[in-house]
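The values are calculated or read from the model by the stated rules, or taken from the named source; none is laboratory data. Bear in mind the structure is a predicted one, so any value in this text is a computation, not a measurement. Cβ placement follows ideal geometry from the backbone for every residue including glycine, while neighbour counts extend to all protein chains displayed. Note: areas computed on protein heavy atoms with side chains; ligands, DNA, RNA excluded. Shrake-Rupley method; radii C 1.70, N 1.55, O 1.52, S 1.80 Å.
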Amino acid sequence: MNADERRFEVLRAIVADYVSNQEPVGSKALVERHNLGVSSATVRNDMASLEEDGYITQPHTSAGRVPTDKGYRLFVDRLSEVKPLSSPERKAIQSFLEGAYDLDDVLRRSVRLLAQLTRQVAVIQYPTLSRSTVRHIEVVAITPARLMLVLITDTGRVDQRSVDLGDVITEENVARVRTMLNGAMVGKRLSDASAEVAKLPDDAPSDLRDAVLRVSTVLIESLVEHPEERLVLGGTANLTRNVADFPGSLRQVLEALEEQVVVLKLLAAARDPGRILVHIGEENEAAEMRSTSIVSIGYGSRDNLLGGMGVVGPTRMDYPGTMAAVRAVANYVGEILTGR
């Protein structure tokens, strides 16, 4: 190998040892643990070059070296491919997620599983309403003058609203209202469905016009609402296992996770279910997240991106393993939700 390739192998070895042992890495340890095929003197020279170029640094308390954000970035960029999980691991993920019974359960299971696989904080964004389409709307008479509307989207989201009609309605007319609503809404994006629902009172038969107007008003309110997007988090306690990874900043990281805004912005950048994004340390715009790395990906399908998911952890992270786990879980979540 040429000198650049050899130096990268030295950097790769330093990253592997530091991630594993949490201790700064010296040239002697590299020669003993890794088959680099060169002398200790050559390794020391390569480490000096890596340090001069900003890929590793020497903590003032130790003679060893640790990777910098720039070093981690080069390491991640040079990963030719993300090693896939083993067949038993994939089957375990599939089995665990397919046992979920609704959207909330899918998301809770996903973050719990991802946190266990990576030993980091797992985050997943709820499917955004603007990208959802209506799968079905059910209309049920609770009393002769009160209806329950149940809106079901293609992502498995279920929204319930009640409507006071001010007058009694027969079961036959409930069925007619149900047919009208489904004809206007099914298969449409929520924003488009809202426009179609707004037209219904004008087109409704005179004997149903008042009921349809009340139902439409309630539906439009729920369809055009844009509630603050939510995250599901899991494994926050994992960050406290190694407080030294967050010198003076763990509290800021935890507060940022709790507020969710910073993480939502990062997940929003994950627009492609096939592409993993890695933000390392100083690459994060938010100052409170600059001691962390965030590995994220979009989930859903290429034609129907539902949201983003990923993990937050220290820069001293098992990047190959974390990236593989994030991609695998995202694939299964996307398959489950787009197939519902």
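The table that follows gives values for the structure above.
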| quantity | calculated |
| --- | --- |
| Test: residue in the stretch 34-43 that is under 39 Å from the mean Cα position of the chain (by Cα), closer than 13 Å to residue 56 by Cα and in contact (Cβ under 8 Å) with a residue 24 or more places away in the chain | no |
| Residue within the stretch 200-208 that is out of contact with any Pro (no Cβ under 6 Å at 6 or more places or on another chain), surrounded by fewer than 19 Cβ atoms within 10 Å (Cβ to Cβ) and closer than 24 Å to residue 119 by Cα present | no |
| Selection status of residue 299, under 30 Å from residue 20 (Cβ atoms) and touching a strand residue (DSSP E or B) at 6+ places or on another chain (Cβ under 8 Å) | yes |
| Among residues of the stretch 75-108, those that are farther than 30 Å from residue 158 by Cα, in contact (Cβ under 8 Å) with a residue 12 or more places away in the chain and either open to solvent by 50 Å² or more (accessible area, probe 1.4 Å) or of a type in the set (Phe, Trp, Tyr) (or both), counted | 5 |
| Residue tally, condition closer than 19 Å to residue 318 by Cβ and either open to solvent by 50 Å² or more (accessible area, probe 1.4 Å) or over 37 Å from the mean Cα position of the chain (by Cα) (or both), over the stretch 56-72 | 1 |
| Residue in the stretch 24-45 that is of a type outside the set (Lys, Arg) and within 19 Å of residue 314 (Cα to Cα) present | yes |
| The stretch 269-310, subset over 21 Å from residue 242 (Cα atoms) and more than 16 Å from the chain's Cα centre (by Cα), residue surrounded by the fewest Cβ atoms within 10 Å (Cβ to Cβ) | 303 |
| Any pair with Cβ under 6 angstrom, 6 or more apart, that starts in the stretch 294-321 at a residue that is in contact (Cβ under 8 Å) with a residue 60 or more places away in the chain and over 18 Å from residue 107 (Cβ atoms) and ends at one that is open to solvent by 10 Å² or more (accessible area, probe 1.4 Å) and of a type in the set (S, T, N, Q) | 313/120 |
| 1 or more residues within 19 Å of residue 96 (Cα to Cα): qualifying strands (runs of 3 or more DSSP E) within the stretch 271-340 | 292-301, 304-314 |
| Residue in the stretch 256-268 that is part of a helix (DSSP H, G or I), at pLDDT 90 or above and surrounded by 21 or more Cβ atoms within 10 Å (Cβ to Cβ) present | no |
| Of all residues making up the stretch 31-47, the number that are modelled with pLDDT of 90 or more and either open to solvent by 50 Å² or more (accessible area, probe 1.4 Å) or under 29 Å from residue 292 (Cβ atoms) (or both) | 4 |
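Let's see how each residue does on (1) in contact with a strand residue (DSSP E or B) (Cβ under 6 Å, 6 or more places away or on another chain); (2) among the aliphatic types (A, V, I, L, M); (3) not in a helix (DSSP H, G or I):
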position	(1), (2), (3)
183	no, no, no
192	no, no, no
198	no, yes, no
202	no, no, no
206	no, no, yes
212	no, yes, no
217	no, no, no
